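Peer 1: I have a structure here, written as structure tokens, and I will follow up with some questions on it.
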Amino acid sequence: MDLTYTAEEDEFRARLSRWLARTLPELPPPPDPLDWPGRRAYDMGWQRRLYDAGYAGLHWPVDAGGRGATPTQHLIYLEETEKAGAPYVGANFVGLLHAGPTIASEGSAEQRARWLPPVLRGDEVWCQGFSEPDAGSDLASLRTRAWRDGDHYVVSGSKIWTSHAEVADWCELLVRTTPVSESVPKHRGISWLAMPMDAPGITVRPLRTLAGSTEFAEMFLDEVRVPVANRVGDENDGWRVTMVTLSYERGTAFVGEVVACRRVLGELAREASKNGRWDDAVLRRRLGRLSAEFGALWRLTQWNVSESQHTGGVPGVGGSVFKLRYSHARQELYDAAADVLGPGALDLGHPWALDRLSSLSYTIAAGTSQIQQNIVAERILGLPKGR
């Protein structure tokens, strides 16, 4: 694979860099990290600026409202925005990085026209309603039920770890439309719905994380009516659509974070040089190994993003290789940060201390490491399934 840049790509980088240099000083101060309504407003404001400048949905296909940029231009965008300290997607995470791409891949023309432009403009936020108290890693065991009543589904059940539910307009929701039976295994009978979060019967209870934030919530559904027209894909074909969503979530949603981790690694080295920790040869070797690790992950990212161009934009199973290794590398990075900070690692006012706490969730979120190992073993290495 040719990893050099063309003249056109170099010009794209320079143009983006100039725009960031002009735009970032104009942004208002970021809100308190624990103020999700404030963060929503801030994140949506940034998304609107990207849209107006032509950088929103850069890598989405043109018929989905995107710019049709090449994979390399997408990676350049991620590099330059991170290097410049631009805001992260934040509350737009679900809509921009997996619900939106799923609708772009699997939705009808009417669904793409209704839901994708507001995501790109920063008008609407999406949350993810997949996991349940008894259906986490074994997601296909979900029990939230939806039955047909004319032109609507009537949905009852509960979800947990629903990302950004308290500030969301829409929810990508998995429901069981046909009960499990001898003739209908659990992976069948599931449908993927777009549920309006202002529908009667929805109760959202924020969950406070170890870091004190409330980006997750419990969600209780009591006979919520969702139009049948809001189903993406066929009835009972939701597991296949879900695999598309999870491919985006594991394959490309964390790409920008690799760039951020490489930046943090450089900051750790500089901090260690200032506070005397650099004299520790074990720490130096640790940081050097992490530098090689994230360099390799960035190359894997380039390969995964390039491969997705040849698979209709949907990332392949290589995303599981990336997710598996990145989750552990991120935890190792912030363990090293604690080593550099010493007693300061207990100060939750330091961003590295908060990031260390949040890193603990990465081996669970978007599919546990054990699930990723199974996918790699069975779908890449061709090993037999366990009994």
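The values are calculated or read from the model by the stated rules, or taken from the named source; none is laboratory data. What you are looking at is a predicted structure, and each value in this text was computed from that prediction instead of being measured. So basically every Cβ, Gly included, is an ideal-geometry build from the backbone, and we count neighbours across all protein chains shown. Note: accessible area is taken over every heavy atom of the protein model, side chains too, but ligands, DNA and RNA are not part of it. Shrake-Rupley method; radii C 1.70, N 1.55, O 1.52, S 1.80 Å.
Peer 1: If I filter the stretch 309-325 for residues that are of a type in the set (Gly, Ala, Ser) and modelled with pLDDT of 75 or more, do I get at least one hit? It would help to see each step written out before you state the result.
Peer 2: Restricting attention to the stretch 309-325, the residues satisfying the condition of being of a type in the set (Gly, Ala, Ser) are 312-313, 316, 318-320.
Narrowing the set further to residues that are modelled with pLDDT of 75 or more leaves none.
No, the stretch 309-325 contains no residue that is of a type in the set (Gly, Ala, Ser) and modelled with pLDDT of 75 or more.
Peer 1: Further, regarding this structure: Within the stretch 71-114, track down each residue that is more than 18 Å from the chain's Cα centre (by Cα), without any contact (Cβ under 8 Å) to a residue 60 or more places away in the chain and surrounded by 19 or more Cβ atoms within 10 Å (Cβ to Cβ).
Peer 2: Arg112
Peer 1: Among strands (runs of 3 or more DSSP E) lying entirely in the stretch 115-222, which contain 2 or more residues that are open to solvent by less than 30 Å² (accessible area, probe 1.4 Å)?
Peer 2: Values: elements: 126-129, 145-149, 152-159, 170-176, 190-196, 202-207.
By residue number, 126-129, 152-159, 170-176, 190-196.
Peer 1: Residue check, Ser359 against (1) closer than 18 Å to Ser137 by Cβ; (2) in a helix (DSSP H, G or I); (3) modelled with pLDDT under 80; (4) open to solvent by less than 40 Å² (accessible area, probe 1.4 Å), all met but one. Which one?
Peer 2: (1)
Peer 1: Name the one entry in Met243, Met195 that is within 22 Å of the chain's Cα centre (by Cα) and modelled with pLDDT of 90 or more.
Peer 2: Numbers: Met243 fails: modelled with pLDDT of 90 or more.
Exactly one residue qualifies, and that residue is Met195.
Peer 1: Can you confirm whether Gly266 is assigned to a helix (DSSP H, G or I) and surrounded by fewer than 21 Cβ atoms within 10 Å (Cβ to Cβ)?
Peer 2: In short, yes.
Peer 1: Let me ask another. Being over 18 Å from the mean Cα position of the chain (by Cα), closer than 22 Å to Glu166 by Cα and open to solvent by 40 Å² or more (accessible area, probe 1.4 Å) is the requirement here; does Ala41 meet it?
Peer 2: On the way: over 18 Å from the mean Cα position of the chain (by Cα): yes; closer than 22 Å to Glu166 by Cα: yes; open to solvent by 40 Å² or more (accessible area, probe 1.4 Å): yes.
So Ala41 fits the description; yes.
Peer 1: Of all residues in the stretch 135-158, count the ones that are at pLDDT 95 or above and among the basic types (Lys, Arg).
Peer 2: Total meeting the criteria: 2.
Peer 1: Hey, can you tell me all the residues within the stretch 3-50 that are touching a residue at least 12 places away in the same chain (Cβ under 8 Å) and among the acidic types (Asp, Glu)?
Peer 2: Selection gives Glu9, Asp43.
Peer 1: Could you tell me which numbered condition Gly65 fails, if it satisfies all but one of (1) more than 30 Å from Arg208 (Cα to Cα); (2) touching a Pro at 6+ places or on another chain (Cβ under 6 Å); (3) modelled with pLDDT of 90 or more?
Peer 2: Tallying (1) more than 30 Å from Arg208 (Cα to Cα); (2) touching a Pro at 6+ places or on another chain (Cβ under 6 Å); (3) modelled with pLDDT of 90 or more, Gly65 fails exactly one: (3).
Peer 1: Kindly check whether there is at least one residue in the stretch 55-66 that is on the phi < 0 side of the Ramachandran plot, free of Cβ contacts under 8 Å to residues at least 40 places away in the same chain and of a type in the set (Asp, Glu).
Peer 2: no
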